[in-house]
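Worksheet: one structure, shown below.
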Amino acid sequence: MTTNCIQQPKESYKNRIFTCGLVAWPGVKHVSNKDFSPVIEAALKTEGFKETSPEKTILVGFGHDAVMSVAPVVIDAVKNGKIRHFFLVGGCDGAKPGRNYFTEFAEKVPKDCVILTLACGKYRFNKLEFGDIGGIPRLLDVGQCNDAYSAIQIAVALAGAFKCGVNELPLSMILSWYEQKAVCILLTLLHLGIKNIRLGPSLPAFLTPAAINVLVEKFNIMPTKTAEEDLKAILG
């Protein structure tokens with residue numbers, strides 16, 4: 001573990017986790033001085049996978065520079081009705097059971113719509129096959145949660161191309177917000193005036209009724225319902 005997403009491990013699993021850099025946890029082996037020999041030794045002692053799964057590749061790398069390099073193709077596809085809507089689906093996800101909303105949502109997105117995804121929420125569904133629209137992949141992996149900047153730049157560039165505001169674009173954001181870094185990104189979106197974001201499947205525990213009222217009244221933030229209900233509401 002090298003970044004801030006470590007959570008308290010089960011006692012039975014502590015000997016299988018290692019930390020380095022700024023991250024540490026009581027009772028978990030910390031790697032220092034770039035000496036990874038304890039990690040290598042632990043790996044060599046394990047049984048390994050009993051069978052080999054079929055090879056699977058995932059197409060990545062759709063930051064704003066990559067997407068906007070083919071902007072004319074994307075814009076023409078929207079104007080010609082080939083792309084009806086964009087969905088930004090992702091966010092910092094948790095291990096809580098029942099968080100399969102995002103997979104169901106992605107699977108139910110109509111074939112004439114494009115899914116932008118980022119952060120660890122994408123691992124719920126980014127191995128699925130979504131096909132393409134006129135050569136444009138229907139699933140565009142924008143990156144990790146810190147790459148929300150890229151998603152914002154894509155939205156701003158599209159808004160400029162269509163001469164409208166981001167909130168007037170055929171773009172909807174369906175996001176999970178789980179910890180402090182994700183909340184900072186959400187605050188950034190709100191500062192930029194982004195509205196109509198759907199949050200779920202559960203809201204951050206620290207949100208008070210008063211804070212929720214402000215988010216709803218000023219930014220029309222909505223909790224997610226079912227994938228079918230949300231898609232019906234968004235696409236009309």
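FYI, it's all coordinate maths here, none of it is from the lab. The structure presented is a predicted model; accordingly, all values stated were derived computationally and were not measured. Backbone-built Cβ (ideal geometry, glycine too); neighbour counts: all protein chains shown.
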Practice prompt. Using a Förster distance of 25 angstrom, determine the FRET efficiency expected from the C-beta separation of ASP76 and TYR149, and round it to 0.05.
Written response: 0.45
Fill in: Alpha-carbon centroids, the range 127-142 and the range 154-195: separation in whole Å
21 Å
Response to the item:
1/(1 + (r/R0)^6) with r = Cβ-Cβ of VAL183 and THR46, R0 = 30 Å, i.e. FRET efficiency to nearest 0.05, evaluates to 0.25
Worksheet, complete the sentence: With x for Gly and Pro, the residue-by-residue ³J(HN,Hα) of the range 99-106, computed from phi through the Karplus equation 6.51 cos²θ - 1.76 cosθ + 1.60 at θ = phi - 60° and given in whole Hz, is 8, 9, 4, 5, 5, 4, 4, 4
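Of the listed peptides 218-225, 46-53, what is their order by residue-averaged count of other C-beta atoms within 10 Å, with the highest listed first?
Ranking, from highest mean packing down: 218-225, 46-53.
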Item to complete: Let me have the 222 nm mean residue ellipticity of the chain computed from DSSP H runs of 4+ only, each contributing -39500 (n - 2.57), with the sum over all residues rounded to the nearest 500.
Response: -9500 deg cm²/dmol
Worksheet entry | Using alpha-carbon coordinates, inclination of helix 209-219 to the longest axis of the chain, degrees | 40 degrees
Practice prompt. Just subtract the alpha-carbon distance of VAL23 and ALA205 from 0.36 nm times their residue separation and send over the number in nm, one decimal.
Written response: 63.1 nm
Worksheet item: Which of these, ASN100, ASN146, ASN80, has the largest mean-square fluctuation under a Gaussian network model of the chain (Cα springs below 10 Å)?
Response: ASN80
Worksheet entry | All lysines inside 21 Å of LYS10 as judged from Cα atoms, apart from same-chain residues fewer than 8 positions distant | LYS29, LYS45, LYS96
Discussion item. Rg and Dmax in Å for the range 9-109, alpha carbons only: what are they?
Written reply: 21.5, 59
Worksheet entry | Span from the the range 32-59 Cα centroid across to the the range 216-230 one, whole angstrom | 41 Å
Discussion item. What translational diffusion coefficient, to the nearest whole µm²/s, does the chain have by Stokes-Einstein, given a Kirkwood radius computed over alpha-carbon pairs, a temperature of 37 °C and 0.692 mPa s viscosity?
Written reply: 165 µm²/s
Worksheet item: Taking Cα atoms, how many degrees apart are the long axis of helix 180-191 and the longest axis of the chain, rounded to 10 and kept between 0 and 90?
Response: 20 degrees
Worksheet item: For CYS113, CYS92, CYS164, what's the fewest-to-most ordering of other Cβ within 10 Å of each Cβ?
Response: CYS164, CYS113, CYS92
Discussion item. With an 8 Å Cα cut-off and a minimum separation of 6 or more residues, compute the relative contact order for the range 64-235 in percent.
Written reply: 24 percent
Worksheet item: What is the fewest-to-most order of VAL60, VAL31, VAL109 by other Cβ atoms lying within 10 Å of their Cβ?
Response: VAL60, VAL31, VAL109
